[in-house]
């Protein structure tokens, strides 16, 4: 029996790669995005536009589109990257990253909790740049802080959903060749999605709330 998979930020990059892979596996894919893309339109999945996860209006569009839908896998992939340094410190872009990267994914889960059931899985796409122990280069203040905030919120989410038997995966995809990094990564979006889908396949209540690299390595906080 096919699963229902909901993916945010699915119009490009890792989000599209998720949609493409799950579609190839015969799953029922619902791709959420602010605006669709030519490749997503051609994929043959259900596309819901107007979903800006950082706004109440966008979340309302999402909730209405998914009314009475039972979700097996919810992947919070939407995110942004900006760059701040001590000499170029921009509180506006830092705040923007907190809204999109940290608050929005948890808000999506809160809004869709009635769509989830015992055995549902949530994947949160974060970054090892949110790891305090792993920070050896500094900089990227907004991105690092927002991803660290997402990580701790994800642990709370995992604990809060334990009673409902809903597992939460916290995943660093790797340095992926996407628009976000001007395609300077070392693995493709397709490879990252394949790795992450494998981790989601193996996600259970036993490893819920663990911070994983897409290669399967447990990462430090």
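No value in this document is a laboratory result; all are computed from the given coordinates. Note that this is a predicted model, so its numbers are computed, not measured. Note that we place each Cβ from the backbone using ideal geometry, even for glycine, and neighbour counts take in every protein chain shown.
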Revision key, fill the gap. Tilt, helix 189-201 to longest principal axis of the chain (alpha-carbon atoms), in degrees rounded to tens, equals 60 degrees
Check your understanding: When the Cα atoms of segment 101-218 are enclosed in a convex hull and the volume is divided per residue, what value in Å³ results?
Key -> 109 Å³
Revision key, fill the gap. Rounded to the nearest 10, the angle in degrees between the Cα long axis of helix 56-65 and the longest principal axis of the Cα atoms of the chain comes to 20 degrees
Point to revise | Cα long-axis angle, helix 13-24 against the chain (0 to 90 degrees, to the nearest 10) | key: 20 degrees
**Study point:** Choice from 198, 130, 13 showing the highest fluctuation, given a GNM over the chain with Cα pairs closer than 10 Å
**Key:** 198
Review point. Going by how many other beta carbons lie within 10 Å of each one, how would you line up 117, 107, 172, fewest first?
Key: 117, 107, 172
Check your understanding: Ranked by Cβ crowding within 10 angstrom, fewest neighbours first, how are 121, 111 ordered?
Key -> 111, 121
Check your understanding: Of all DSSP beta bridges located in the chain, what percent are antiparallel, nearest 5?
Key -> 5 percent
Exercise for review: Determine, for 67, 4, 136, 95, the number of other Cβ atoms within 10 Å of each Cβ, and report the residues in order from fewest to most.
Suggested key: 136, 67, 95, 4
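With viscosity set to 1.306 mPa s and temperature to 10 °C, compute the Stokes-Einstein D of the chain, Rh being the Kirkwood radius across alpha carbon pairs; µm²/s, no decimals.
Values: Rh = 17.3 Å.
After rounding, the answer is 92 µm²/s.
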